[in-house]
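Below is one structure, written out as structure tokens; comments come after it.
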Amino acid sequence: MSDSEHEHIYSDNDALLEDEETALEIAALESGSMQSEKVKEYINHKAALAALLEEISQKNLDWIQRCDIVSSAPIVVEKADNDLDRELSFYQQALEAAILGKQQVLKAGVPFERPNDYFAEMVKSDSHMARIRQKLLDQQKGIQNAEEAKKQRQLRKYGKKIQQEKIKEREDQKKAALEKISSIKKRLRSGDMGDADDFEIDIDSDGESGKKGKLGRDKAKGGRKLLPNKKRQNKNEKFGFGGKKRGMKNNTAESSADLSSFSAKRNKSSKFVAPSKRGKSQRPGKSKRQRAF
């Protein structure tokens with residue numbers, strides 16, 4: 001159905017409604033049921049209002065019990081339709097009433113300002129506020145735990161990264177040391193030893209290579225055997241130092257010929273005393289023990 005057909009149907013319906021309303025109005029006029037509207041009357045009995053005011057007024061009460069303020073001048077607005085002027089006049093009247101009311105309260109000696117240590121009664125109960133406080137504390141603790149967990153995750157990631165770097169560095173050092181050792185072995189097998197300075201091999205790059213190189217130079221140049229340090233010597237004397245253990249204390253030609261530890265004074269011969277052949281004294285018999293008592 002097109003738009004023109006829709007508009008035609010709507011116009012026909014409106015015409016039918018208007019015809020029905022017109023027919024109802026004509027029928028009401030003919031029956032006389034329609035009545036003229038009544039005009040609203042405004043009643044202002046000033047005398048009665050004044051009498052009621054006089055009746056309910058309590059002039060014998062103090063001002064602090066009445067708390068009424070009368071403005072010094074009535075509100076006069078030149079243009080009542082001007083919202084700004086009208087609201088300004090209301091504001092000025094309220095401000096004047098507040099100033100006069102404060103003076104009257106001070107005159108009556110009634111405190112109206114909140115003291116510094118004043119605590120108003122709470123609308124919520126203490127148990128309800130305690131639950132709210134606990135909930136806030138739980139939320140704060142949850143936030144702190146989440147931040148701490150995040151920090152720990154970051155630290156773990158950083159620590160793992162450092163650990164991987166250290167492992168890689170050690171692997172590189174080990175690989176470099178193995179390559180140097182393999183190159184030395186190849187040169188030893190080939191018989192190409194070169195000069196004595198060729199033995200200065202930097203095996204450890206952490207600072208001990210110079211020490212090892214120096215030891216190698218001393219051994220190569222001087223031709224003497226390098227002894228271990230004092231601590232190593234003491235441990236070797238106490239625990240041994242590897243190799244064959246059986247027969248270590250047996251005499252040799254050199255030890256037999258070495259008389260430096262022999263003491264003539266200590267080994268000086270003295271009168272020989274033969275040991276007793278009787279041996280240990282025997283325990284006396286029972287009869288002898290009884291006679292002794």
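What the table below lists for this structure:
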| read-out | value |
| --- | --- |
| Any hit, the stretch 211-228, residues being at pLDDT 70 or above and more than 30 Å from residue 180 (Cα to Cα) | no |
| Number of the condition not met by residue 188 [criteria: (1) within 30 Å of residue 229 (Cβ to Cβ); (2) modelled with pLDDT of 90 or more] | (2) |
| Qualifying positions in the stretch 78-136 - more than 24 Å from residue 63 (Cβ to Cβ), among the hydrophobic types (A, V, I, L, M, F, W, C) and over 55 Å from the mean Cα position of the chain (by Cα) | 80, 84, 88 |
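The values are calculated or read from the model by the stated rules, or taken from the named source; none is laboratory data. Worth saying up front: this structure is predicted, and the values here are computed from it rather than measured. Reconstructed Cβ throughout: ideal geometry from the backbone, glycine too, with neighbour counts over all protein chains shown.
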